[in-house]
Every structure is written in structure tokens, then in C-alpha cells.
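The values are calculated or read from the model by the stated rules, or taken from the named source; none is laboratory data. The structure displayed is predicted, hence computed values, not measured ones. Heads up, the Cβs are rebuilt from the backbone with ideal geometry, glycines too, and the neighbour counts pull from every protein chain shown. Surface accessibility is based on the protein's heavy atoms, side chains included, excluding ligands, DNA and RNA. Shrake-Rupley method; radii C 1.70, N 1.55, O 1.52, S 1.80 Å.
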Amino acid sequence: MRLDRPDNQGRFAEYGGQFAPETLMPALEELETEFAKAWDDPGFHNELNKLLADFVGRPTPVYRAERLSDQLGIDLYLKREDLAHTGAHKINNTMGQALLTKRMGKNRVIAETGAGQHGVATATACALLGQECVVYMGEKDIERQALNVQRMRMLGTEVRPVTSGAGTLKDAVSAAMRDWVATVDTTHYIIGSVVGPHPFPWMVRELQKVIGEELQEQMDGSQRPHPDVIVACVGGGSNAMGIFYPYVGSDVRLVGVEAAGYGLETGEHGASLVAGSPGVIHGSMTYLLQDVQGQILEAHSISAGLDYPGVGPEHAYFKDRQLVEYTSITDEEAVEAVNLLASVEGIIPALETAHALAWIAKEADSLRGQTVALNLSGRGDKDVQQIIDLVDADE
Ligand SMILES: *Cc1c(COP(=O)(O)O)cnc(C)c1O
């Protein structure tokens, strides 16, 4: 059964919770109270819905992929989150949290980012609302993601390099946490997926479930059929949670696709639900990639958004109760799927999204004749250079 809200300890049965430093507990409690109040307030929804409509471009369309449907022998629909402002679903979450920041009387936002997509979505919402914004980013990632760093700076955000550790996302998370502990009176920390300590997984799910609610209206059996299957990629799990949640417990088959990287057997992947085990990461109990001593392992995926060793705790809950199926797709299969959608439908999807499409293409025979909805979580412009480099390396 689906839970409307986690229990009073912030848990989805055995998953979730608040594994956070004592100094942050009051902030998490305040955030839970303030979000619950805002979410019950029609005034907050009015303000958010207006921004989602006029600024973000919601509702995003549902498009029937005509040629690809013919080619695969299925009835394929794309939920076009790639058409949302900034090119992915992430803006649904950052817009909501930035608005909540204003409501809490705070004027400073911090975030952390790996590839920079969440950083750009946060910087965008903060620019719109006139909020001060600092994004922590590992120095290695700053080098690798020059374009997104420049976008954030143009949006008025300070990108703060993190030089400790390996200079990647994990170190940026620690730096953001340290900042928040010291500045919590004036600052809100916008987490970018359905991960982290309670109330984040619940709050981000509530902010992303607009995707699935729109789909219910757009595929209601009148102008378009009801979906038999809904497929989404899973990194932290926010776009999947957003489209799945309204359907959980119904007769629609829900499939979440993780990153198998170089292949599950190589150990270099990002498939926390498929190949991981329960433990604590970034403040909550969930499935993660760990060694026998419980040390968190590095994830690997060609797509930065799926390159994460944990996953949102509510997905762990869904997995154990078999409310959602989880599977995985390799780097190579994902790149092939980018090219498939680009050449057949004129849409270049994000590498993350391509994992979900690759699963559909692979399973086309077993899905024959069914109505399949794909959450097209983002556009792939950001990945073009990476794909060029990959082809060059092969030659
Ligand atoms: C960040 C990102 C993802 C992965 O994040 P989730 O929280 O799992 O949704 C997927 N697709 C795109 C386009 C992204 O930018």
C-alpha cells in the first residue's frame, strides 16, 4: 500500500528517517512543519501553480511517438518534461522549495550539484525570486561541467568550489551540510531529489507528483488510452517518483530503470535497488551500494544524474512490497537509445532518460500491443559533447 505521508519518525516503514547531526534536527523539524502548512494552504498552491504554468511551462505535453510506436510494435507516449524550462523535471522541485524559502522568511539558498543540472535549476528559481544562492560543487566537477557553471554564474549564483576529498559530489554534499548547520536561521538547503533526511523525500515527491497527476488527465481513456505500463529512469528517483506516485497501487505496471554502467557483473554501476542492500546514506535508510564492511562504494554511470550510490527511501519501500519493478540498463544500451529517439522522433533525450527508453526497446516483444508511457525526464543537449567524445575514443 502507498503511504500518503511517512510516519512520525519520517519513515516509510523501515526506510527513510532522519540520520542527521543533532544541530540540524531543529531545522528539519521547522521545515517539516512549514512545508506541511504551505501544502495545506490554497494560497501557496495558487502561487506555485501560476509559476509552474507561466514560467516553467506546465502542463508539459504528452506526445504519441508515431514512428517509434510503429517500429517497436507498441503504443508509445512521451511525457515531455524535456520541454519544461531549463530542460528537465528538476525545476518542479526547485521552484517549490524556493517559494517555500520565501514563505519561511529566509533569503538565502544553498544547494550542491554534481553535473550541474540541479545547480542550474536552483539558480534559476533563485534568480526569479531574488534570492541569494550558493551552489557547492567539487572542483573536478567544475572543470568537467564548464557550461553549467557558466549558466549558474549568469543567473547570479555563486559557485563555490569544494577541494576536499575527491572533489566530487560527495564532498560537495558535506560542504553544503556544514554551511547549513552554521546558517540555518537565514538559509534553506534545496536537495535535488527524493533523497536525504525527512522531510526531503516526502516534500520532493509532493512537488514532483504533478507529473503523474497531469498524465492521469492527459491519458484518461477519452482522447488518449490509459497506460498499461509507465517507465522512468531512477537516479535519486525524483522523476520516477513524480510520474509513478499517483498510479502506485493501481493496475498500471510501473518500471524504474537504474544505471547498469559497464554491466552489473563488473561492479561499476549505479543500480542501488537492483544490486545494492539496505543501509544509511545522506541521512536516510535506503538501498545503497556498499562493501561487506558497510563502506559506501563509488557508483558509475555514463549519465551524471544516475551516478549516485543511493536512492530515495520511498523507492526502497516500493521495491520490497513489489509496488514498482526495478531493472537496469548499461551505458552502451543507453547511448544507443539516445540515437534511436533522435533519429526516429527528432528528440535528443538526456542520457538519464535514455535508460528508460532502452528498456522499452529491449522489451518491445514482450510489450507488444500495449500502451506504454515514458517519462521523458530531460533533453540531451547537455550530453552531446560527451557522446562525441565517446565516439572519438572508439575510433
Ligand atoms: C537529474 C536527472 C535525472 C535523475 O534524477 P532523479 O531524481 O532520479 O529523477 C534523470 N533525468 C534527468 C534529465 C535529470 O536531469
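Some points to look at:
- According to the Cα-based calculation, Rg over Rh for segment 189-266 is 1.05, with Rh computed by the Kirkwood formula.
- Net length gained if the chain between residue 298 and residue 389 were fully extended (0.36 nm per residue, minus Cα distance): 30.5 nm
- Across the chain: Cys residues that no other cysteine approaches within a C-beta distance under 4.7 Å: 233
- Residue (of 380, 155, 194) at the positive-pole extreme of the chain, dipole from beta-carbon charges: 155
- Three-way shape call for segment 226-335 based on the alpha-carbon gyration tensor, with the a/c threshold at 1.5: oblate
- Each Cα pair under 8 Å and six or more residues apart adds its separation to the average, and for the chain the resulting relative contact order is 19 percent.
- Taking N as the residue count of segment 1-97, its C-alpha radius of gyration divided by 2.2 N^0.38 Å amounts to 1.50.
- Put the Cα centre of segment 319-356 next to the Cα centre of segment 233-275 and the gap is 10 Å.
- 30 Å Cα-Cα threshold exceeded, pairs from 50/140; 79/140; 209/319; 319/362; 106/170; 106/319: 50/140; 79/140; 106/319
- Extension gain for residue 102 to residue 25 (0.36 nm times residue separation, less C-alpha to C-alpha distance): 25.7 nm.
- For the chain, the dipole from Cβ point charges (+1 on Lys and Arg, -1 on Asp and Glu) about the Cα centre works out to 1020 debye, to the nearest 20.
- Calculated FRET efficiency for the pair residue 223/residue 185, C-beta based, R₀ 41 Å, to 0.05: 0.25
- Mean-square fluctuations from a GNM of the chain, with a 10 angstrom spring cutoff on Cα atoms, peak among 375, 92, 46 at 46.
- Percent carbon-and-sulfur accessible area, the chain, ignoring ligands, DNA and RNA, probe 1.4 Å: 49 percent
- Taking every C-alpha pair closer than 8 Å and separated by at least 6 residues, the mean separation divided by the residue count of segment 339-395 gives a relative contact order of 41 percent.
- Under a 5 Å amide H cut-off, with hydrogens placed 1.01 Å from N, residue 347 pairs with 342 among residues at least 5 apart or on other chains.
- Relative contact order of segment 265-395, taken over Cα pairs closer than 8 Å and 6 or more residues apart, is 17 percent.
- What you get for segment 25-146, charging only the Cβ of Lys and Arg (+1) and of Asp and Glu (-1), is a dipole of about 280 debye around the Cα centre.
- Per-selection Rg to Rh, the chain - Cα, Kirkwood hydrodynamic radius: 0.94
- The mean accessible area for residues of the chain, using a 1.4 Å probe and ignoring ligands and nucleic acids, is 40 Å² per residue.
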